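Q: This structure is in structure tokens; I'll ask about it shortly.
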Amino acid sequence: MHLNDEDKVRLGNGITVVKEPPGPDTPAQRDPEVAATVSRMLSDIEARGLVAVREYAERLDGWSGTSFEVTAQQLRGAGDGLPRALREALDAGAERTRRFASMQRDHLEDFEEEVLPGVVCGQRYIPVQTVGAYLPAGRFPLLASAFMTVGVASVAGVPNVLSCTPPSLHGEPHPAVLYAAYASGAERVFALGGVQALAAMAFGLLDAPAADMLVGAGNAFVAEAKRQLFGRVGIDVLAGPSEVAVIADDTATTEMVAADLLGQAEHGPTSPACLVTTSERLAREVPAEIDRQLASLSTREIAGAAWRDFVESRDLAVALMDTLAPEHLEVLADDLPWYLDNLTSYGSLFLGPWSTVAYADKGMSGTNHVLPTGRNARFTGGLSVSGFLKLVTYQRATADSTRAQAEPVVLISDFEKLHAHRDSAQLRLEFLHA
């Protein structure tokens, strides 16, 4: 898609950034009608409980039955009808994602140290107690979602992990999604989708503790439900349409750049795909190569609409990408260590031609694919094992440390006119001299 000048913002030095396009390309989760619908559904479900959940499941998902919960036997047998090669691929993705999450956990350490004589402070990582994971199965069943949520939560030591996936296949959960959940260690899975799934987990309507945290991707209604439930529960990220950006120099091949841009663009018509290149050849050849590859893609209408054209950049490629803060950023260029040292704002970074977003998307590299979008990578990272752990602090003190703490607190609290603060410190000074 080629944009007019009014659709662009000039940063200087020849760099042009595409503005968020208006109208039909505006992300649906920002749509006031979506927000209003979700708000009504959440209020209704909170008021009427499981009765409302059942009504929405029947009307929206075509569900019918006596229980939403997938039996242990169904879960174990979910892969029986799948090709063996697919099961092995899902097993590999689940194991690699757990392995990297375990490596991350090993580098998160509890500690305590003496801050001043008699005062010891420490930190601990404590798992969230109950997590609700949403496993999408809409237009495309995203099989790796369970690896990133259920599997990583288990590595973090979360004692209660619930999973919901919509009954999208003839009123039943998708067997490949169920098998991916099973491979990730899921124990309790419910055939429930959409807003009603998020509400049921958050409000404790599934014969299980209410979720303390909700994770996982979904459509605009799922994203909006997470947005509105945030505060009552924790969430992973407020994800929008998937994004990819590529920095490429003259060492990159036109075919690879185009293929990697389209690989994320096919997530949906609002998924931006951006190229910044220092190569006149790539700037000239990539648009035509995208058109050529689109012709053979079954998802060409989605991927084609998602393509966003950027003018070429040179010295400020890093500055431009730090401004964009994309969800996925590929570097197909020389001097990869320099890019690793200098890029600061991205969800996940893919360095060199032998690393690509698709590998991480499907769990094959081990990193998590639940990542910030909408420029949120400027201030946060994606989901990881640390996301399921609460970093808490503690302190303990001896009587000998009282004067060093209490006397300054008395002075500061008097100045602030917070007299109860002052008195709690003064009391300890009096006890000390009693």
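The values are calculated or read from the model by the stated rules, or taken from the named source; none is laboratory data. Just so it is clear, the model here is predicted, and its values are computed rather than measured. For neighbour counting, all protein chains shown are included, and Cβ atoms are generated from backbone atoms with ideal geometry for every residue, glycine included. Only protein heavy atoms, including side chains, enter the accessible area calculation; ligands, DNA and RNA are left aside. Shrake-Rupley method; radii C 1.70, N 1.55, O 1.52, S 1.80 Å.
Q: For Ser39, state whether it is part of a helix (DSSP H, G or I), of a type in the set (S, T, N, Q) and surrounded by 14 or more Cβ atoms within 10 Å (Cβ to Cβ).
A: yes
Q: Here is a further query. Taking segment 178-197 as the search range and keeping residues that are out of contact with any Pro (no Cβ under 8 Å at 6 or more places or on another chain), assigned to a helix (DSSP H, G or I) and within 23 Å of Asn368 (Cα to Cα), which one is most open to solvent (accessible area, probe 1.4 Å)?
A: Just the residues of segment 178-197 that are out of contact with any Pro (no Cβ under 8 Å at 6 or more places or on another chain), to begin with: 178-188, 190, 195-196.
Remaining after also requiring assigned to a helix (DSSP H, G or I): 178-183, 195-196.
Those left that are additionally within 23 Å of Asn368 (Cα to Cα): 178-183.
Values: Leu178: 14, Tyr179: 26, Ala180: 0, Ala181: 0, Tyr182: 94, Ala183: 19 Å².
Among them, the one singled out is Tyr182.
Q: Pairs only if they're at least six apart or on different chains, beta carbon under 9 angstrom, first in segment 22-39 and at negative phi and among the hydroxyl-bearing types (Ser, Thr, Tyr), second at pLDDT 90 or above and not in a loop (DSSP other than H, G, I, E, B); list them, first residue then second.
A: Sorted first by the residue in segment 22-39, then by its partner, the pairs are Thr37/Val195; Thr37/Phe221; Thr37/Glu224; Ser39/Glu224; Ser39/Gln228.
Q: Turning to a different aspect of this structure: So, of the residues in segment 264-290 that are open to solvent by less than 50 Å² (accessible area, probe 1.4 Å) and among the aliphatic types (A, V, I, L, M), which turns out to be nearest to Leu343 (Cα to Cα)? Let's see the steps before the verdict.
A: Filtering segment 264-290 down to residues open to solvent by less than 50 Å² (accessible area, probe 1.4 Å) leaves 264-265, 268, 270-277, 279, 282-283, 286-287, 289-290.
Next, from what is left, pick out any that are among the aliphatic types (A, V, I, L, M): 265, 273, 275-276, 282-283, 286, 290.
Working: Ala265: 23, Ala273: 18, Leu275: 16, Val276: 14, Leu282: 22, Ala283: 22, Val286: 24, Ile290: 26 Å.
Taking the candidates together, the pick is Val276.
Q: How about segment 126-142: which of its residues are at pLDDT 95 or above and either at positive phi or open to solvent by less than 40 Å² (accessible area, probe 1.4 Å) (or both)?
A: Within segment 126-142, the first condition is being at pLDDT 95 or above, and the residues that meet it are 126-135.
Within segment 126-142, Pro127, Val128, Thr130, Val131, Gly132, Ala133, Tyr134, Leu135 qualify.
Q: Starting from residues that are polar (S, T, N, Q) and in contact (Cβ under 8 Å) with a residue 24 or more places away in the chain, keep the ones in segment 57-79 and report whichever is farthest from Leu229 (Cα to Cα). Outline the logic, then answer.
A: The first filter runs over segment 57-79 and keeps only residues polar (S, T, N, Q), leaving 64, 66-67, 71, 73-74.
From what is left, the residues that are in contact (Cβ under 8 Å) with a residue 24 or more places away in the chain are 64, 74.
On the way: Ser64: 27, Gln74: 30 Å.
Only one residue tops the list, namely Gln74.
Q: Still on this structure, please answer the following. Looking at Thr367, Thr373, Thr380 in this structure, which one is under 30 Å from Leu332 (Cα atoms), in contact with an Asp or Glu (Cβ under 9 Å, 6 or more places away or on another chain) and not in a helix (DSSP H, G or I)?
A: Numbers: Thr367 fails: in contact with an Asp or Glu (Cβ under 9 Å, 6 or more places away or on another chain); Thr380 fails: in contact with an Asp or Glu (Cβ under 9 Å, 6 or more places away or on another chain).
Answer to the check: Thr373.
Q: Going through Pro173, Pro167 one at a time, which residue ends up being open to solvent by less than 10 Å² (accessible area, probe 1.4 Å) and at pLDDT below 95? Reasoning before the result, please.
A: Values: Pro173 fails: open to solvent by less than 10 Å² (accessible area, probe 1.4 Å).
On inspection, the qualifying residue turns out to be Pro167.
Q: Residues that are in contact (Cβ under 8 Å) with a residue 60 or more places away in the chain, open to solvent by 40 Å² or more (accessible area, probe 1.4 Å) and not in a helix (DSSP H, G or I): does segment 42-56 have at least one?
A: Initially, segment 42-56 is screened for residues in contact (Cβ under 8 Å) with a residue 60 or more places away in the chain, giving 42, 45-46, 49-50, 52-53, 56.
With open to solvent by 40 Å² or more (accessible area, probe 1.4 Å) added as a condition, the list becomes 46, 50.
If we keep only those that are not in a helix (DSSP H, G or I) too, we end up with none.
No; the residues of segment 42-56 include none that is in contact (Cβ under 8 Å) with a residue 60 or more places away in the chain, open to solvent by 40 Å² or more (accessible area, probe 1.4 Å) and not in a helix (DSSP H, G or I).
Q: Need the failing condition index for Leu261 against (1) more than 30 Å from Pro127 (Cβ to Cβ); (2) open to solvent by 30 Å² or more (accessible area, probe 1.4 Å), just the number.
A: Single failed check for Leu261: (2).
Q: State all residues of segment 317-362 that are open to solvent by less than 30 Å² (accessible area, probe 1.4 Å), charged (D, E, K, R) and part of a loop (DSSP other than H, G, I, E, B); if no residue qualifies, say none.
A: Of everything in segment 317-362, just one residue is open to solvent by less than 30 Å² (accessible area, probe 1.4 Å), charged (D, E, K, R) and part of a loop (DSSP other than H, G, I, E, B), namely Glu327.
Q: Another one. Being buried (at least 16 other Cβ atoms within 10 Å of the Cβ) and modelled with pLDDT of 95 or more is true for just one of Ala399, Ala406, Ala420. Which residue is that? Before you say what the answer is, go through the steps one by one.
A: Values: Ala399 fails: buried (at least 16 other Cβ atoms within 10 Å of the Cβ); Ala420 fails: buried (at least 16 other Cβ atoms within 10 Å of the Cβ).
Answer to the selection: Ala406.
Q: In the set Leu432, Leu391, Leu427, which member is of a type outside the set (Asp, Glu), assigned to a helix (DSSP H, G or I) and open to solvent by 70 Å² or more (accessible area, probe 1.4 Å)?
A: Residue meeting the stated conditions: Leu427.
Q: Just to verify a result, which residue in segment 62-101, among those that are of a type in the set (Asp, Glu) and part of a helix (DSSP H, G or I), is most open to solvent (accessible area, probe 1.4 Å)?
A: Applying the first criterion (of a type in the set (Asp, Glu)) to segment 62-101 yields 69, 80, 88, 91, 95.
Now restrict to residues that are part of a helix (DSSP H, G or I): 88, 91, 95.
Values: Glu88: 97, Asp91: 64, Glu95: 70 Å².
Only one residue fits best here, namely Glu88.
Q: Restricting to segment 198-215, name every residue that is at pLDDT below 95 and either on the phi > 0 side of the Ramachandran plot or open to solvent by 50 Å² or more (accessible area, probe 1.4 Å) (or both).
A: Listed by number, the list holds a single entry, Asp207.
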